[in-house]
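Structure, as structure tokens:
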Amino acid sequence: NYDGIIIGGGPAGMFAAITAAKRGQKVLLLERNDRLGKKLLITGKGRCNVTNDCPAEEVLRNVPRNGRFLYSAMDAFPPSSIIRFFEENGCPLKTERGNRVFPQSDKSISVLECLQRQLKQTGVSVQTAKVNEILTAQGCVYGVSTTAGKFDADAVILATGGVSYPATGSTGDGYAMAKDLGHTI
């Protein structure tokens, strides 16, 4: 039994797992690919643009549409917190033109390795398996069914991303899972 299961081993899923584990939760991170962060490795032409070095308000002003959706996330974890997280956890960063922030190494693997170290240090269990279904009973989530078996949990976070790059695992599986739970897509 887990306190929480995170579906999706990209940056959002890894951050969710790390955050929950730091709060004392027993966490399982599930990723359908053979490794975590597959799409992260190709971002920023392999350099990984981590964030922008500017206030959250400036980031929100530059979101092309529906920036209000991000208000609470930016309030809870603004760019300065992202920068501090990586620098405090062994991934030095640098700021380039346009306030774009990259790892000093100019390699996205540095970002991934930092996140993987944090997963290990916080005790997150990582399993590669495809989630077939989020299990519910009487309107409550109680676990997931996967290609590696069934896992019980008090909560499930769906962090699978969209359909931006299917070759990296971004195939839209999360949309189907959310729809099966009654969410509007």
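The values are calculated or read from the model by the stated rules, or taken from the named source; none is laboratory data. Quantities reported herein were computed from a predicted structural model and do not represent experimental measurements. Positions of Cβ are generated from backbone atoms using ideal geometry, with glycine treated the same way; all protein chains shown enter the neighbour counts. When the accessible area is computed, the model is the full protein with side chains, heavy atoms only, and any ligands, DNA or RNA have been set aside. Shrake-Rupley method; radii C 1.70, N 1.55, O 1.52, S 1.80 Å.
Rundown of residues vs (1) under 15 Å from the mean Cα position of the chain (by Cα); (2) buried (at least 18 other Cβ atoms within 10 Å of the Cβ); (3) farther than 18 Å from Gly161 by Cα, yes/no style:
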| position | (1), (2), (3) |
| --- | --- |
| Tyr2 | no, yes, yes |
| Gly8 | yes, yes, no |
| Met14 | yes, yes, no |
| Asn33 | yes, no, no |
| Gly37 | yes, yes, no |
| Tyr71 | no, no, yes |
| Arg84 | no, no, yes |
| Glu88 | no, no, yes |
| Lys94 | no, no, yes |
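In segment 131-155, how many residues are open to solvent by 80 Å² or more (accessible area, probe 1.4 Å), assigned to a strand (DSSP E or B) and on the phi > 0 side of the Ramachandran plot?
Going through segment 131-155 one residue at a time, the tally reaches 0.
Residues in segment 108-130: is at least one of a type outside the set (Asp, Glu), touching a strand residue (DSSP E or B) at 6+ places or on another chain (Cβ under 6 Å), free of Cβ contacts under 8 Å to residues at least 60 places away in the same chain and open to solvent by 50 Å² or more (accessible area, probe 1.4 Å)?
Checked segment 108-130: no residue is of a type outside the set (Asp, Glu), touching a strand residue (DSSP E or B) at 6+ places or on another chain (Cβ under 6 Å), free of Cβ contacts under 8 Å to residues at least 60 places away in the same chain and open to solvent by 50 Å² or more (accessible area, probe 1.4 Å).
So which pairs qualify, if the first residue must be in segment 52-80 and among the basic types (Lys, Arg), the second must be open to solvent by 50 Å² or more (accessible area, probe 1.4 Å), the Cβ gap must be under 9 Å, and the two must be at least 6 apart or on different chains?
none
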